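> I have a structure here, written as structure tokens, and I will follow up with some questions on it.
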Amino acid sequence: MPATDYQASFLGRISIRRNQVIAMDGNHEQELQDLELFSKHVSERFAELLSSPDDVPFDALLSISWLRKLLDFFLCCEAEFKGILMMGNDPSQISKPPLDRLIPEFLDRSVKALDVCNAVTNGLESVRHYQKLAEIVVSALEQKPIGDGQSRRAKKALTSLMSAMNVDDKECSAAKATERSWSFSRRGVSSKDRVPEHFRSVSNQVAKNWSAAKQIQAMTNNLVPPRGAEGSGLASPVYTMNVIMVFVMWALVAAIPCQERNGLSAIHFPAPKQLNWAQSIIGLHEKIGEEWKKKEKKGTAGLLDEMQKMEKLGNILMDFTDSFQFHGDITGQKAEEAAAHAAELAETCRRMEEGLLPLQMQIREVFHRIVKTRTELLNALDQVGKSPPPLL
Amino acid sequence: MDECQSAIPAHDGDLHVVAAAHHIVKALGTTKNLSDDLRKILIDLDAHLSLITSNIDSKGGKGFVEVEERLKRVERKIVIWESDRIMIWDSGPKEASNYLEAVDEVQTLIDSLRGLSMNENQKQKELLHRASSLLQMAMSRLEEELIHMLVKHKQQSGPTCMPSPSSQRNVVYHESVVSLDNESAKEASSKNFCSDECGEYIVDLVPEHVILDIKSIAKVMFASDYGQEFCEAFIGVRKEALEQHFDILENGKLSIEDVLKMEWCSLSTEMNKWTWSMKIIFGVYLMSEKRLCDQVLGEFGSVNSFCFLEIAKTTILCLLNFGEAIAMGPQEPEKLLRLLDMYETLADLVIDIDALFSENGGSFVRLEFHKLLEGLADSVKAAFNAFRVAVSSNGSLYPFPGGGVHPLSKYVMNYISMFPEYCSTLNLLLEDQHSDVASLVSEPQCGPTASLSTSCAMACHLRSITSSLESNLHKKSKLYKDEALQHIFLMNNLHYMVQKVKGSELRPFFGDEWIRKHNAKFQQHEMNYERVTWSSVVSLLKDDNPGSSSLSKSAFKEKCKGFSVAFEEVYKNQTSWCIPDPQLREDLRISTSLKVVHAYRTFLGRNPAHVDDKCIKHTVEDVEKLLLDLFEGSPRSLRNSRRMMKT
């Protein structure tokens, strides 16, 4: 993309010139190069995420593998960011304006991000539960020939699956999970397919009033792009990292069941389009935001690609089992279609089986990384605070 | 397959079968009671035989008549429960075993029907569908029975004989070194019950007899390939039960943000709860849950560890996150003991955790807890350092009134008197910081004559802390303008330190040498006090001309007056001073008395001629009595008391 290249170097040149007035030493130039490299990498990485094809199931937007890539990029960006911030030749910078204000704000967001990580880790447990239910559907429909028993078995698991996805998605899941108790008078239900008892949803790990959406919203507070001369210093990578962190957490919450996600799409990112590195993030934000709006209208499950597939296939197979019970034996094209859908569901389950645990561990890695950086920054601030102020 | 085999006359095979059949008949002749297993085998055999014979004339489909009959019979047994509102297992063991038998029969029929090749036989297909339908109905029912059973017998009480968290150490160090001004440190009670007491404490989460029932359901469901349903239902109920137990332990559902913002007082309570919950959840519930999973699912491959992990994971994550939040928080000195509790608890449990999650899927849990243990170790070190820094840097602007025992001394001494209980942990964690501290405290204790307890890392750290305290107290003593009060202050505080060391578990870590040395130190201050205060007063009574036998009246009067004024001044000042320790106060009074009263008595005795009421403001007895008012911490004035006595 020659246009953006030009833009990057153009912007870069302006900032270099501006800074030459402030400081002319070589170290500063090195720092500027680092900054430029950082934003270049950021924009490249997110451009790659934006360009991931929707039709290829493996890398589709918000699929497990896509999320893993996102987290990978987060870790890379974070490492570079820390390098810029901490390896600089003047450690006292972090205690001087504007960083003396920006760093504590960044640390505050970090802590909020940690809680999001935990909520999402917990949410993955629900996804894993869906997977197990879907696997039952698959084992029922894999039998040949499919008879009434298999169809009923599949239907039962499907009903559990769909309601579990819905319960988790009704946001009040945490409250519901604890209020619900296994009914003792269940024998009163006389229908042949009793209400399945596979309810299991997000356990409330945090207080009932904790809200993922509010948490993300709170992370965007005070998040404004650096203005004027600030834009050329370390304030800009801090801002960039803030945006990346908020975006990654936002995307995770959009994809994976979490406590209270209402109004997620309304969260506004204060990332100006003229910033080169921000364009892909803005693009992704818009794209996922639209998906979320659709979801909110339809009231479907989370945006995790595999879950959406599961939901879609679940609905189709549910129709199939319904018509099976109505018509009795089904053969020919319909049966073949059902088998194909079951195979697709099996494939989705397989991807979950392969990807969910690594994803969970990666989220944990992100968690630990954020903690580590926070500790290091606090120590650095502490050190700077202890050393006597430079004589002026 | 079976069809093929039976169609081909295989003599050898037949002979074997015939021999075996004879054998069975013979064996059955002697038995009156059939074991369940044997009965099942014979029923299977029966089903098989009926199919083989029917197979011979399968073309007409008449051969399926018997299978159909059996299916109908078993159908009745299963369907009848569908309209019943009572649970089968609640109705009695006989009903339950009949039902299980029926399900077995369905499974047998299905297996046999499947065993026959599908040669477009409509009847066979129909029967198979009917049987599968029936099986689904039965499985669905069994799942329900299972859930009902698990819910009904989920034991709420749990480990009732365990000490409750309220009976354990609930002493909270509310005060911090920073906010010491008025409050005195609370005497801390001893540590709660020893952590290895609860070690492995396995309870029956589900009563023994119910486990057998659950197992019988598991067996049938797994045999019919409904293991997934079994696991999901099992996990669902057990997971909820565990979460309920966890809720009973009253762990606040705290986000990391909450924890970091929390006031120390509530945080300390939460830290205590965590320590307690870890012991109960891992040491009792998870141990027991693991056993339950093994008992119920042990024979079905690795599902037991999978189910266990699924049941445990969310609760574990909750505990893990609180631990992480604590490990990342600022490590203030007052957190040290709670952190030590957390560290020790986890360190004790790590082996159990490794054993509980030894399978592949559990490596995540294992790793996280090992990481947390490291984090807590760092936190302990950080809090320890913060404590040390706080002890040496705690500053005051004003002298501590009365020269008594400073709150910092109380706080520090009470706080460190808890350390010996964490001796091995502290030794382990402070080992790497040992050498520099040991060189700081280059006292004979660390020398070759030192015993093991005085030379360990903790002992050196303890002495380094008290020596920081001492230098801080010296700094604080300089705030008094009165040199005598400086000595009283140091005497009081050093004496307090020695007493604390002598009267606690600290003694072996400080050693007799330290005690001797510090006894000498406070005694030195005692002597210095006497010198500074009383030498000048007593010198007023000194004989200027040792040669002459007595003084002139005016000289005597002058000396008397001088003494009274000086004594009254001391009295006015030092009655407001404070020596909290009665023994120390007594000792000091005695030695003061010896010095002052003796001098005064001698002085008066040497001048018997002038001794009359008018000259002498205070008699020897007065002085002796008045000396008792010193160091009581309540200011008095002699002029006032005189006046009061007169009026």
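> Which residue, of B:K313, B:K273, B:K261, B:K279, is among the basic types (K, R) and over 28 Å from A:T375 (Cα atoms)? Don't jump to the end; show me each part of the working.
On the way: B:K313 fails: over 28 Å from A:T375 (Cα atoms); B:K273 fails: over 28 Å from A:T375 (Cα atoms); B:K261 fails: over 28 Å from A:T375 (Cα atoms).
On inspection, the qualifying residue turns out to be B:K279.
> What's the total number of residues in segment B:122-157 that are more than 17 Å from B:D90 (Cβ to Cβ), buried (at least 18 other Cβ atoms within 10 Å of the Cβ) and facing chain A (nearest Cβ under 9 Å)?
Number satisfying all stated conditions: 12.
Residue-by-condition table, conditions (1) more than 17 Å from B:W534 (Cα to Cα); (2) β-branched (V, I, T); (3) in contact with a His (Cβ under 7 Å, 6 or more places away or on another chain):
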site: B:S593; (1), (2), (3): no, no, no
site: B:V597; (1), (2), (3): no, yes, no
site: B:R601; (1), (2), (3): no, no, no
site: B:R606; (1), (2), (3): yes, no, no
site: B:A609; (1), (2), (3): yes, no, no
site: B:T619; (1), (2), (3): yes, yes, no
site: B:E624; (1), (2), (3): no, no, no
site: B:L627; (1), (2), (3): no, no, no
site: B:E632; (1), (2), (3): yes, no, no
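> Out of all the residues in segment B:77-84, is one or more free of Cβ contacts under 8 Å to residues at least 12 places away in the same chain, away from chain A (no Cβ under 13 Å) and not charged (D, E, K, R)?
Yes, some residue in segment B:77-84 is free of Cβ contacts under 8 Å to residues at least 12 places away in the same chain, away from chain A (no Cβ under 13 Å) and not charged (D, E, K, R).
> What are the residues in segment A:226-249 that are touching a Gly at 6+ places or on another chain (Cβ under 9 Å) and in a helix (DSSP H, G or I), if any? Can you show your working first?
Pass one, segment A:226-249, residues touching a Gly at 6+ places or on another chain (Cβ under 9 Å): A:226, A:234, A:239.
Selection gives A:Y239 alone.
> A:E135: farther than 20 Å from B:E144 by Cβ and at pLDDT 90 or above, yes or no?
Values: farther than 20 Å from B:E144 by Cβ: yes; at pLDDT 90 or above: yes.
Here the answer is yes, as A:E135 does meet what is asked.
> Quick one: count up the residues across segment B:226-262 that are facing chain A (nearest Cβ under 7 Å) and closer than 18 Å to A:A134 by Cβ.
Counting residues in segment B:226-262 that are facing chain A (nearest Cβ under 7 Å) and closer than 18 Å to A:A134 by Cβ gives 5.
> Still on this structure, please answer the following. Somewhere in segment A:354-363, is a residue away from chain B (no Cβ under 12 Å) and exposed (fewer than 14 other Cβ atoms within 10 Å of the Cβ)? Write out each step before concluding.
Here is the first cut: in segment A:354-363, the ones away from chain B (no Cβ under 12 Å) are A:354-355.
Next, from what is left, pick out any that are exposed (fewer than 14 other Cβ atoms within 10 Å of the Cβ): A:354.
Yes, segment A:354-363 contains a residue that is away from chain B (no Cβ under 12 Å) and exposed (fewer than 14 other Cβ atoms within 10 Å of the Cβ).
> Please enumerate the residues belonging to segment B:202-257 that are outside any loop (DSSP other than H, G, I, E, B) and in contact with a His (Cβ under 6 Å, 6 or more places away or on another chain).
Step one: list which residues in segment B:202-257 are outside any loop (DSSP other than H, G, I, E, B), which gives B:208-223, B:227-248, B:256-257.
Listed by number, the residues that qualify are B:V210, B:E232.
Residue by residue, here is whether (1) among the hydrophobic types (A, V, I, L, M, F, W, C); (2) in contact with a helix residue (DSSP H, G or I) (Cβ under 6 Å, 6 or more places away or on another chain); (3) buried (at least 19 other Cβ atoms within 10 Å of the Cβ) holds:
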site	(1), (2), (3)
A:V248	yes, yes, yes
A:V253	yes, yes, yes
A:I256	yes, yes, yes
A:Q259	no, yes, yes
A:G263	no, yes, no
A:A266	yes, no, no
A:Q274	no, no, no
A:I281	yes, yes, yes
A:I288	yes, yes, yes
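> Quick one: in segment B:581-608, of everything that is of a type in the set (G, A, S) and surrounded by 12 or more Cβ atoms within 10 Å (Cβ to Cβ), which residue is nearest to the chain's Cα centre (by Cα)? Break it down stepwise before answering.
The first filter runs over segment B:581-608 and keeps only residues of a type in the set (G, A, S), leaving B:591, B:593, B:599, B:605.
With surrounded by 12 or more Cβ atoms within 10 Å (Cβ to Cβ) added as a condition, the list becomes B:591, B:593, B:599.
Values: B:S591: 50, B:S593: 53, B:A599: 62 Å.
Restricting to residues being of a type in the set (G, A, S) and surrounded by 12 or more Cβ atoms within 10 Å (Cβ to Cβ), the top hit is B:S591.
> Now for a different question. May I ask you to say which residue of B:V177, B:V220 is away from chain A (no Cβ under 14 Å), at pLDDT 85 or above and out of contact with any Cys (no Cβ under 8 Å at 6 or more places or on another chain)?
Details: B:V177 fails: at pLDDT 85 or above.
After ruling out the rest, the residue left standing is B:V220.
> Then there is this: For segment B:532-562, which residues satisfy the criterion of being among the hydroxyl-bearing types (S, T, Y) and either at pLDDT 85 or above or in a loop (DSSP other than H, G, I, E, B) (or both)? Explain how you work it out, then say what you get.
Let us first name the residues in segment B:532-562 that are among the hydroxyl-bearing types (S, T, Y), namely B:533, B:535-536, B:539, B:548-550, B:552, B:554.
Selection gives B:T533, B:S535, B:S536, B:S539, B:S548, B:S549, B:S550, B:S552.
> I've got another one for you. Does B:G511 satisfy the condition of being at pLDDT below 95 and on the phi > 0 side of the Ramachandran plot?
Numbers: at pLDDT below 95: yes; on the phi > 0 side of the Ramachandran plot: yes.
Here the answer is yes, as B:G511 does meet what is asked.
> Please verify whether segment B:292-312 includes one or more residues that are under 29 Å from A:L107 (Cβ atoms), of a type in the set (F, W, Y) and within 12 Å of another protein chain (Cβ to nearest Cβ). Let's see the steps before the verdict.
As a first pass, look at segment B:292-312 and keep what is under 29 Å from A:L107 (Cβ atoms): none.
Within segment B:292-312, none of the residues are under 29 Å from A:L107 (Cβ atoms), of a type in the set (F, W, Y) and within 12 Å of another protein chain (Cβ to nearest Cβ).
> Here is a follow-up. Of all the helices (runs of 4 or more DSSP H) wholly in segment B:1-104, which have at least 1 residues that are within 53 Å of the chain's Cα centre (by Cα) and at pLDDT 75 or above? Walk me through it before giving the result.
On the way: elements: B:2-7, B:11-30, B:36-56, B:64-79, B:88-91.
In segment B:1-104, B:36-56, B:64-79, B:88-91 are the helices (runs of 4 or more DSSP H) which contain 1 or more residues that are within 53 Å of the chain's Cα centre (by Cα) and at pLDDT 75 or above.
> May I pose another question? Any idea which of A:A119, A:A140 is out of contact with any strand residue (DSSP E or B) (no Cβ under 9 Å at 6 or more places or on another chain), closer than 18 Å to B:I110 by Cβ and small (G, A, S)?
Working: A:A119 fails: closer than 18 Å to B:I110 by Cβ.
The match here is A:A140.
> Still on this structure: Residues being in contact with a Ser or Thr (Cβ under 9 Å, 6 or more places away or on another chain), surrounded by 23 or more Cβ atoms within 10 Å (Cβ to Cβ) and not aliphatic (A, V, I, L, M): count how many of those fall in segment B:486-524.
The number of residues fulfilling the criteria is 8.
> Quick check: is even one residue across segment A:172-183 of a type in the set (K, R), under 23 Å from B:E232 (Cα atoms) and modelled with pLDDT under 90? I'd like the intermediate steps shown before the answer.
Within segment A:172-183, the first condition is being of a type in the set (K, R), and the residues that meet it are A:176, A:180.
Among the residues that remain, those that are also under 23 Å from B:E232 (Cα atoms) are: A:176, A:180.
Keeping just the survivors that are modelled with pLDDT under 90 gives A:176, A:180.
Checking segment A:172-183: at least one residue is of a type in the set (K, R), under 23 Å from B:E232 (Cα atoms) and modelled with pLDDT under 90.
> Out of curiosity, is A:L223 away from chain B (no Cβ under 14 Å), assigned to a loop (DSSP other than H, G, I, E, B) and modelled with pLDDT of 85 or more?
Numbers: away from chain B (no Cβ under 14 Å): yes; assigned to a loop (DSSP other than H, G, I, E, B): yes; modelled with pLDDT of 85 or more: yes.
Considered against the rule, which asks whether it is away from chain B (no Cβ under 14 Å), assigned to a loop (DSSP other than H, G, I, E, B) and modelled with pLDDT of 85 or more, A:L223 comes out as yes.
> Under 7 Å by Cβ, and 6 or more places apart or on different chains, what pairs join a residue from segment A:143-155 that is at the interface with chain B (Cβ under 7 Å from one of its Cβ atoms) and part of a loop (DSSP other than H, G, I, E, B) with one that is crowded, with 24+ Cβ neighbours inside 10 Å and not acidic (D, E)?
Sorted first by the residue in segment A:143-155, then by its partner, the pairs are A:G147/B:S132.
> Please work out which one of (1) at pLDDT 80 or above; (2) buried (at least 17 other Cβ atoms within 10 Å of the Cβ); (3) part of a loop (DSSP other than H, G, I, E, B); (4) of a type outside the set (S, T, N, Q) is the condition A:A47 fails and give its number.
Failing condition for A:A47: (3).
The values are calculated or read from the model by the stated rules, or taken from the named source; none is laboratory data. No experiment lies behind these values; they were computed from the predicted model shown. Ideal geometry is used to build each Cβ from the backbone, glycine not excepted, and the neighbour counts take in all protein chains shown.
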